[in-house]
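Read the figures in this text as sums done on the coordinates, not as results from a lab. If you're wondering where the values come from, they're calculated on a predicted model, not measured in any experiment. Positions of Cβ are generated from backbone atoms using ideal geometry, with glycine treated the same way; all protein chains shown enter the neighbour counts.
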Amino acid sequence: MTAWILGGALVAAAAVLPLVTASYLVSFTIQLFLFVVLAYSWNVISGYTGYTSFGHTSFFGIGAYGATLMMLHWKLPWLLACAGGGLLAVAVALPLGVVMLRLRGSFFAIGMFGLARVFEAVAFGWADLTRGGTGLYLPPAYDLRPLYYALGVLALGMVLLTWRLDNSRFGLQLLAIREDEDGAEALGIKTTRLKVRAFVLSAVGPGVSGGFYAVYLSFIDPPTAFSPATELTTIAMVLFGGMGTVLGPLVGAAVLSVLYEGLWARFPQVYLGAGGVIIAAVVLLMPRGVMAVAMRRGWLPHGRGTLRRLAARPAAPAEA
Amino acid sequence: MGARPLLLVDGVVKRFGGVMALNGASCAVTEGSVTGLIGPNGSGKSTLFACIAGVERPDEGRITFQGERLDERTPSEICEMGLARTFQVTRLFREMTVLENLVAVAHGRSDAAAVRRAQELLEMVEIRRLEHALAGTLSYGQRKLVEIARALMFAPKLLLLDEPFAGINPRLQNRILGYLKALHEGGVTLFLIDHEMRILLDVCETVLAIDAGEVIASGPPEEIRRNPRVLAAYF
């Protein structure tokens, strides 16, 4: 209950923020929303399913280019174009998932990283469409508020979706794949189908928000669209917060966004290295992230409360 | 209860590289029976189970369950047909609770129905009090019980048990034996691998002996125990 009140307050605060404050905070929060979306998306495939991807910027970049091109060539309104970018990312993710998810562990991680580099090279090379390294320009967005709200809704949607996932059998089955894929398969869990579904689901957020990012910058070029730094930051956020948890990505994105912002302002020389240091430190000190530590200490309830509530229903026979 | 074969294994060959794990194994499991499978280490027992459960695909031969081919189906299709299994070394999802382990494998039911079914099964093997315990924190014997309960989530007609009595104390062995007998009385056909002759004699109507990938004998347990080929294979 308290969680819902707290969450409601947070959402309300985020909703009024652009009405009361200067553009710096709005701009910062837009980037925070962006990373919330990316972190939650990555959490679905890498946190829950256990397939660590180092190439989810592929979908971010595809969404960014897709939306930009739809705006430039088809004159689509930005919101529709971003949705189109998301669809494009899904259309790419489906066949890609079928192929890539045959790989496991580090092979999948490296394969995904390689794919992102391939997409980046295509964006560079296909100059007729993308204008290569010059990049594509959009008319600048003077009012960031519509973008703020669109990204905010997407971010909120990702949090709620993850909450649903965490409390569903689909989520349990993804965790089963993470723990013992062969065992899960032998027990009748349709692992291939579920993995592909999770993979495609994890491409939606990056696809849509890639378009939003292009609108935000009014510009997109290959290094921006397929940036390994974006990937690394996203991974660091989820690792820090806790992989395969409902609130981990939110906590990770919030804490690291503030931290990075501070570092960037005061110590720009260490800012870029900070992501790597944080990943290393988290893996060594609390491999399951802040949320797992909080759950173990009893500060937070363990996830998957719906199952627990179902289990506590009096319809079931009582146990002495 | 006629002698209708529920499961029929016919000339199954399985090679792993140059190793012939199954070399034309043939056998039948009668509906409503308790059938044991014995054989020395490396004789192909677990491979046979893996082929039946669809985890491994036979190179030759065919396996039918209720007259339908199994060897071309996926493990999840086979589960849905009413065939479930436990593993030699328990394979629980360690970071899930006991209850979640059961619910995760449920097919088709609503979550509420799956939870209720899981609780009934945990009740049956008398570990309902552990439903919210993380599977990774359980003792080996408790994990064995959870595995049996989990396999029953499919309401199977045939239950494959890979060494259900190995590595646990005699008291728990007897408890499991009791559960298996109750299942058998409830109409579930049991096919189990084990080395515990005491238990096989007690519970099995038929014992199959496998050696070097071939079923070398089948019959009532006392007969199998005296069979010269079985003795030669074991000693």
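Across peptide A:169-179, how many C-beta atoms of other chains are within 10 Å of each residue C-beta, on average? It would help to have the intermediate numbers written out before the result.
On the way: counts 11, 1, 2, 12, 5, 1, 5, 8, 2, 2, 10.
Mean inter-chain Cβ contacts per residue within 10 Å come to 5.
What's the Cα-based Rg to Rh of region A:23-223, Rh via Kirkwood? Please report the intermediate quantities before stating the final value.
Details: Rg = 17.2 Å, Rh = 17.2 Å.
Using only Cα positions, Rg/Rh for region A:23-223 is 1.00.
If you add up the charges near residue A:158, with Lys and Arg at +1 and Asp and Glu at -1, over every other residue whose beta carbon is less than 15 angstrom from its beta carbon, what do you get?
0
For the protein assembly as shown, evaluate the Debye formula with one uniform point scatterer on each Cα (no solvent term) and list log10 I(q)/I(0) at q = 0.10 Å⁻¹, rounded to two decimals.
-0.88
Counting just the Cα atoms, what span does region A:133-260 cover along each of its three principal axes? Round to the nearest Å and put the largest first.
54, 30, 24
By counting other Cβ atoms within 10 Å of each Cβ, how are A:51, A:24, A:213 ranked from fewest to most? Intermediate values should be presented prior to the final figure.
Values: A:51 26, A:24 8, A:213 30.
Final ranking by Cβ density, sparse to dense: A:24, A:51, A:213.
Give me a comma-separated list of calculated 3J(HN,Hα) values for region B:192-198, in order, Karplus coefficients 6.51, -1.76, 1.60 applied at θ = phi - 60°, integers in Hz, x for any Gly or Pro.
For region B:192-198, the Karplus-derived couplings read 10, 8, 6, 9, 6, 4, 3 Hz, x marking Gly and Pro.
Hey, can you grab everything whose amide H is under 5 Å from the amide H of residue B:24? Only 5+ residues off in sequence or another chain; H modelled, so Pro and N-termini drop out.
Answer set, sorted by chain and number: B:12, B:13, B:14.
Round to a whole angstrom and tell me the spacing of the C-alpha centers of region A:242-316 and region A:205-229.
25 Å
Relative contact order for region B:152-235: what is it in percent, counting Cα pairs under 8 Å that are at least 6 residues apart?
Working: 85 pairs, mean separation 19.7, N = 84.
For region B:152-235, the relative contact order is 23 percent.
Can you tell me the orientation of helix B:140-151 relative to chain B, as the angle in degrees between its alpha-carbon axis and the longest Cα principal axis, to the nearest 10?
Helix B:140-151 sits roughly 90 degrees off the main axis of chain B.
With charges only on Cβ, +1 for K and R and -1 for D and E, what is the dipole size of chain A about its Cα centre, in debye, rounded to 20?
Details: 21 positive and 13 negative charges, 137 e Å.
It comes to approximately 660 debye.
Of A:68, B:195, B:19, which is farthest along the charge dipole of the protein assembly as shown in the positive direction, counting Lys and Arg as +1 and Asp and Glu as -1 at C-beta?
A:68
Want the number for residue B:111 to residue B:140: 0.36 nm per residue separation, take away the alpha-carbon distance, what's left?
Working: separation 29, 0.36 × 29 = 10.44 nm, distance 2.77 nm.
Working it through step by step, the gained length comes to 7.7 nm.
Cut-off is 10 Å between beta-carbons; in what order do B:51, A:82 appear when sorted fewest neighbours first? Present the calculation step by step, with values, prior to reporting the outcome.
On the way: B:51 25, A:82 31.
Ascending Cβ contact count within 10 Å gives the list B:51, A:82.
Beyond 13 Å, what share of the Cα-Cα pairs of region A:136-194 remains, rounded to the nearest whole percent? Write out the running numbers ahead of the final one.
Working: 1208 of 1711 pairs.
For region A:136-194, the share of Cα pairs beyond 13 Å comes to 71 percent.
Tally Lys/Arg at +1 and Asp/Glu at -1 over every other residue whose Cβ is under 12 Å from the Cβ of residue B:26; what's the total? Display every interim value, and only then the final one.
Details: positive: B:62; negative: B:10, B:60, B:214.
In short, -2.
Taking +1 at the Cβ of each Lys and Arg and -1 at the Cβ of each Asp and Glu, which of A:187, A:130, A:47 sits farthest along the dipole of chain A towards its positive end, judged by Cα position relative to the Cα centre?
Of the listed residues, the answer is A:187.
Taking the Cα centre of chain B as origin and charging only Cβ (+1 Lys, Arg; -1 Asp, Glu), how large is the dipole, in debye to the nearest 20? Walk me through the numbers on the way to the answer.
Values: 27 positive and 29 negative charges, 78 e Å.
Magnitude of the dipole: close to 380 debye.
Where does region A:200-310 land on Rg(C-alpha)/(2.2 N^0.38 Å)?
On the way: Rg = 16.3 Å, N = 111, 2.2 N^0.38 = 13.2 Å.
For region A:200-310, the normalised Cα radius of gyration comes out at 1.24.
What number results when the radius of gyration of region A:95-189, computed over Cα atoms, is divided by 2.2 N^0.38 Å?
Details: Rg = 19.7 Å, N = 95, 2.2 N^0.38 = 12.4 Å.
Against the compact-globule rule of thumb, the ratio is 1.59.
Starting at the first residue of region B:168-182, write each ³J(HN,Hα) from the Karplus equation 6.51 cos²θ - 1.76 cosθ + 1.60 with θ = phi - 60°, in whole Hz, x for Gly and Pro.
Residue by residue, region B:168-182 yields 10, 6, x, 5, 5, 4, 5, 4, 4, 4, x, 5, 5, 5, 5 Hz.
Please get the size of the charge dipole for the protein assembly as shown, origin at its Cα centre, with Cβ charges of +1 on Lys and Arg and -1 on Asp and Glu, quoted in debye to the nearest 20.
Numbers: 48 positive and 42 negative charges, 189 e Å.
Around 900 debye, computed over the protein assembly as shown.
Once Rh is set to the Kirkwood radius over Cα pairs, what Stokes-Einstein translational diffusion coefficient, in µm²/s, holds for region A:46-98 at a temperature of 10 °C and a viscosity of 1.306 mPa s? Spell out each step's value before the answer.
On the way: Rh = 11.7 Å.
Value of D from the Cα-based Kirkwood radius: 135 µm²/s.
So how far apart, in nm, are the two label points at residue B:198 and residue A:129 if each is 7 Å from Cα heading toward Cβ?
About 7.1 nm, to one decimal.
Strictly greater than 12 Å: what percent of every Cα pair in region B:174-227 meets that?
On the way: 969 of 1431 pairs.
So the portion of pairs separated by more than 12 Å is 68 percent.
Which order, highest average first, do B:129-136, B:91-98 follow once you tally other Cβ atoms within 10 Å for each residue and take the mean per peptide?
For the peptides B:129-136, B:91-98, the packing ranking is B:91-98, B:129-136.
Straight-line reach from residue B:14: which lysines have Cα under 18 Å away, leaving out those fewer than 8 places along the same chain?
Result set, ordered by chain and number: B:45.
Quick one: which residues, 5+ away or cross-chain, put their amide H under 5 Å from the amide H of residue B:210? H built at 1.01 Å from N.
So residue B:210 has HN proximity to B:38, B:39, B:216.
Please compute the contact order of chain B in relative form: average sequence separation of alpha-carbon pairs under 8 Å and at least six residues apart, divided by the residue count, as a percent.
27 percent
Quick one: work out Rg over Rh on the C-alpha atoms of region B:86-235, Rh as Kirkwood radius. Present the calculation step by step, with values, prior to reporting the outcome.
Numbers: Rg = 16.8 Å, Rh = 16.5 Å.
Across region B:86-235, the Cα-based Rg/Rh ratio is 1.02.
Give the Cα extents of region A:16-60 along the principal axes, in whole Å, largest first.
Reported extents, whole Å, longest axis first: 41, 19, 11.
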